[in-house]
Amino acid sequence: MKIQEIREIIKLVDQSTLDEFLYESEGTKIKLKKNDKSSVATSAVAFESTSLVEQPVVVETKPVQVSVPKEVMEEKVEKVEEDKSLQKITSPMVGTFYQSSSPEAPVYVQVGTKVSAESIVCIVEAMKLFNEIEAEVNGEIVEILVKDGQLVEYGQPLFLVKGN
């Protein structure tokens, strides 16, 4: 296994919700374990091989503290307080999110569009079936949380709506 492949695996595990990953193939073992406590990320990787030629390689990353300016923190607090007045339109199923009925068609809604409970806001394709998703809330679209063509999970927020 090449070092580039190991780096790619480290990236994928780091970006995932996995806490531990073990890979074994033809006498090669890779064990990744990540610790995430109090906003400090730590990753440790051990690479072992039963081959007599190769030597074990250990790669470790050190915890990094990031300081955030006070203005940015205040902005985030204000946004969280704002979010309490917003309603979410969530995906009722796992599938692919589409903003329009076809690539040539106009999008159903965009930021600023007023919607009622019966308004179609998007399509979620699941198992080759295209399901029209209704807003189920009244208000104005203030943010689109997913990109066109993105895979979505059941219950994942798709839009933020400011109620009337």
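Some observations on this one:
- Among the listed pairs 33/88; 2/147; 11/33; 128/162, a Cα-Cα separation exceeding 24 Å is found for 33/88; 2/147; 128/162.
- The residues of the stretch 83-164 have, on average, 61 Å² of accessible surface per residue, using a 1.4 Å probe with all protein chains present.
- Using a Förster distance of 30 Å, the FRET efficiency for residue 116-residue 153 (Cβ separation, nearest 0.05): 0.70
- Per-peptide average of other Cβ atoms within 10 Å, ordering 94-106, 8-20, 148-160 highest first: 148-160, 94-106, 8-20
The values are calculated or read from the model by the stated rules, or taken from the named source; none is laboratory data. Just so it is clear, the structure is predicted and the values come from calculations on it, not from any experiment. Virtual Cβ from ideal backbone geometry, glycine too; neighbours counted across all protein chains shown. Please note that ligands, DNA and RNA were not included when accessible areas were found on the heavy atoms of the full protein model with its side chains. Shrake-Rupley method; radii C 1.70, N 1.55, O 1.52, S 1.80 Å.
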